[in-house]
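The values are calculated or read from the model by the stated rules, or taken from the named source; none is laboratory data. Note that the structure is predicted; figures quoted are calculated from it, not measured. Here the Cβ positions follow ideal geometry from the backbone for every residue, glycine too, while neighbour counts run over all protein chains shown.
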Amino acid sequence: MRLLIMGPPGAGKGTQAVLIAQRLSVPHISTGDLFRANLSEGTALGLEAKKYMDAGEYVPDSVTNGMVRDRLKQRDASEGFLLDGYPRTVAQVAELDGMLAGNKIDKVIVLTADSDEVVTRLLNRAQDQGRSDDTEEVIRRRLEVYAEQTAPLIDLYDRRAVLVEVDGMGSVDQVTSNIFAALNV
Ligand code: B4P
């Protein structure tokens, strides 16, 4: 299966993606995790990405697309994958279509959650993990950027009849079972 998971920051994408990928035995490919791994290794790509992430802005496509293209070429992704956090813009959708060379995305999972809940979750994470993009000001900016640049992708994938919308407001376990039911797995 080739799957995408989308939703506002804090909706639970990364949390659920790990569980879905395990269940379906496909690699979990998170652009946010790839940027953070690059940063902890001190690569030029990581340092470039950090400037944008810390401001709540999207990392430029010139950095992001190549990174995803390289990752999708790896053997473990040849039969399926769960992409988490990519595509995030209409331009990235076109890039991904090109990378897939005719292979279709089977389902796009959209997690919904209200803004107050996601801000609370991310502020909790800030306390646990100290992520530099989890301050209230940056979280609010990330939500605006999501609404402007990523929310339009929901209609786009809906027109392709692959959208699966799941309520992300319950407990982690509840949301996981809603996703498995919606995917019929
Ligand atoms: P991401 O790493 O994707 O960050 P995120 O949107 O906050 O999602 P994440 O997966 O981490 O959090 P989740 O909702 O699971 O991106 C970070 C940055 O990278 C972006 O802002 C951007 O700058 C850059 N970037 C990434 N992809 C890009 C792209 N394609 N193009 C350009 N730039 C890109 O979880 C949040 C918290 O909620 C966790 O603490 C979790 O424990 C908690 N939680 C989850 N589910 C819960 C539940 N049901 N109940 C209670 N808490 C829950």
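Brief remarks on what is shown
- Pair list, Cβ < 9 Å and 6+ apart or interchain, from region 172-185 residues that are in a helix (DSSP H, G or I) to residues that are among the hydroxyl-bearing types (Ser, Thr, Tyr): Val172/Thr15; Val175/Thr15; Thr176/Thr15
- For region 70-80, the criterion of being within 15 Å of the chain's Cα centre (by Cα), in a loop (DSSP other than H, G, I, E, B) and surrounded by 15 or more Cβ atoms within 10 Å (Cβ to Cβ) is met by no residue.
- Number of the exception - Gln149 against (1) of a type in the set (S, T, N, Q); (2) buried (at least 16 other Cβ atoms within 10 Å of the Cβ); (3) within 19 Å of Ile20 (Cβ to Cβ): (3)
- Beta carbons closer than 9 Å, at least 6 apart along the sequence or on distinct chains, never pair a first residue in region 116-135 that is on the phi > 0 side of the Ramachandran plot and among the polar types (S, T, N, Q) with a second that is at pLDDT 95 or above and surrounded by 15 or more Cβ atoms within 10 Å (Cβ to Cβ).
- Cβ-Cβ contacts under 6 Å between residues 6 or more apart (or on different chains), taken from a first residue in region 27-55 that is closer than 20 Å to Ile5 by Cα and hydroxyl-bearing (Ser, Thr, Tyr) to a second residue that is in a loop (DSSP other than H, G, I, E, B) and within 11 Å of the ligand (Cβ to nearest atom), are listed as Ser30/Gly85; Thr31/Gly85; Thr31/Tyr86.
- Here Ala44 does not fit the description of being out of contact with any helix residue (DSSP H, G or I) (no Cβ under 6 Å at 6 or more places or on another chain) and under 24 Å from Leu19 (Cβ atoms).
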